[in-house]
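Reviewing the structure listed below.
The values are calculated or read from the model by the stated rules, or taken from the named source; none is laboratory data. Only a predicted model underlies this, so the values are computations on that prediction, with no experimental measurement involved. Here Cβ is always computed from backbone atoms with ideal geometry, including for glycine, and neighbour counts include all displayed protein chains.
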Amino acid sequence: MGAPTPAGYLRLQPSRWAGACHCWGIENREAALRFISPGDAAGANAELKCFDGAANPYLLVGAVIEAGLAGLAEHLTLPPPVTGDPHTLPDRPSRLPGSLTDSLDRLRASAPLRAALGEPLFAAVEAVRAAEAVQEADLEPERLVHMTRHRY
């Protein structure tokens, strides 16, 4: 939901502060989920770095909430936080999808998101993403950026 166009994956690359690996960290600009501490006990902010401005904010917030609820329902816990660039670690975390096609495969496999969206909306999102992936599959990066720069 967070990177809905092929152009978004030009930015979502390891070692570019884009959060391209499946991990979290405290004050870590390379982590997909970054906790930013205000320096006191009042709390912290969370930044999801693996999204871009083309994402539909309603679908994105709903997907994040559903992911959190699914994690709670399954009693999942966070792994230890990652420090440094996760892409350079010997036991590096898995890579988040590197293309719209990879992302679409993971969306199709997500029962919680399918249930949360409902079949009509899920099918619409899937169809639009699949069409864009096919339409823009062979474009050079410069052309892809040019085509999508002012679309959103």
TODO: Check SER103 against each of (1) polar (S, T, N, Q); (2) more than 11 Å from the chain's Cα centre (by Cα); (3) within 25 Å of GLU136 (Cβ to Cβ) and name the one condition it does not meet.
DONE: (2)
Task: All positions within the range 120-150 that are modelled with pLDDT of 85 or more and not hydrophobic (A, V, I, L, M, F, W, C) - done: PRO120, GLU126, ARG129, GLU132, GLN135, GLU136, ASP138, GLU140, PRO141, GLU142, ARG143, HIS146
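Can you go through ALA3, ALA54, ALA32 and tell me which one is crowded, with 20+ Cβ neighbours inside 10 Å and in a loop (DSSP other than H, G, I, E, B)?
So the residue among ALA3, ALA54, ALA32 that is crowded, with 20+ Cβ neighbours inside 10 Å and in a loop (DSSP other than H, G, I, E, B) is ALA3.
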Task: Flag for SER37 being surrounded by 12 or more Cβ atoms within 10 Å (Cβ to Cβ), closer than 23 Å to ALA133 by Cα and among the hydroxyl-bearing types (Ser, Thr, Tyr) - done: no
- [ ] Report yes if LEU104 is closer than 24 Å to ARG34 by Cβ, surrounded by 12 or more Cβ atoms within 10 Å (Cβ to Cβ) and at pLDDT 95 or above, otherwise no.
- [x] no
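Kindly establish whether GLY19 is farther than 20 Å from ALA109 by Cβ, crowded, with 18+ Cβ neighbours inside 10 Å and in contact (Cβ under 8 Å) with a residue 60 or more places away in the chain.
yes
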